[in-house]
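Written out below as structure tokens is the structure these notes cover.
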Amino acid sequence: INPRTNVTDITTLNGLGTGLYKWASIAYAPSVDMLFAAPASADVVLMINPRTNATDATTLGGLGTGANKWLGIVYVPSADMLYAAPFTAGTVLMINPRTN
């Protein structure tokens with residue numbers, strides 16, 4: 001949603017396949033000017049470049065199958081890290097945005 005115009009766009013960031021509950025929540029990492037979405041049912045972190053509208057659903061992969069693995073993600077400026085809370089996963093997902 002463009003907050004200035006209240007216009008929505010569901011066509012620009014596409015090609016992410018079908019399926020239920022792939023990603024749950026999103027966080028902005030200002031150190032790399034990127035958005036990161038926590039993998040719920042997906043086996044990969046979704047990365048979005050908001051300046052170019054490019055998506056990457058391959059780089060941070062190999063996170064296993066299953067539903068609702070991580071729900072919620074937050075960026076911690078003092079550590080320059082992202083943390084995703086486990087729901088059915090047995091660990092906290094930690095992402096260094098500078099090294100992916």
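Here are the numbers for this structure:
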quantity	calculated
Cα-only Debye scattering, the chain: base-10 log of I(q)/I(0) at q = 0.15, 0.19, 0.22, 0.23 Å⁻¹	-0.60, -0.94, -1.19, -1.27
Mean-position separation - Cα centroids, the stretch 69-100 and the stretch 1-20, in angstrom	24
Sparse-neighbourhood loop sites, trypsin sites (Lys or Arg not before Pro) in the chain - DSSP loop, at most 11 other Cβ within 10 angstrom	ARG4, ARG51, ARG98
Positive minus negative residues near ALA57 (Lys, Arg vs Asp, Glu; Cβ under 14 Å)	-1
Solvent accessible area, Å² - VAL92, 1.4 Å probe, full protein context	80
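The values are calculated or read from the model by the stated rules, or taken from the named source; none is laboratory data. This is a predicted model, so every value here is computed, not measured. Glycine gets a Cβ as well: all are built from the backbone with ideal geometry, and neighbour counts include every protein chain shown. SASA here: full protein model, heavy atoms, side chains in, ligands and nucleic acids out. Shrake-Rupley method; radii C 1.70, N 1.55, O 1.52, S 1.80 Å.
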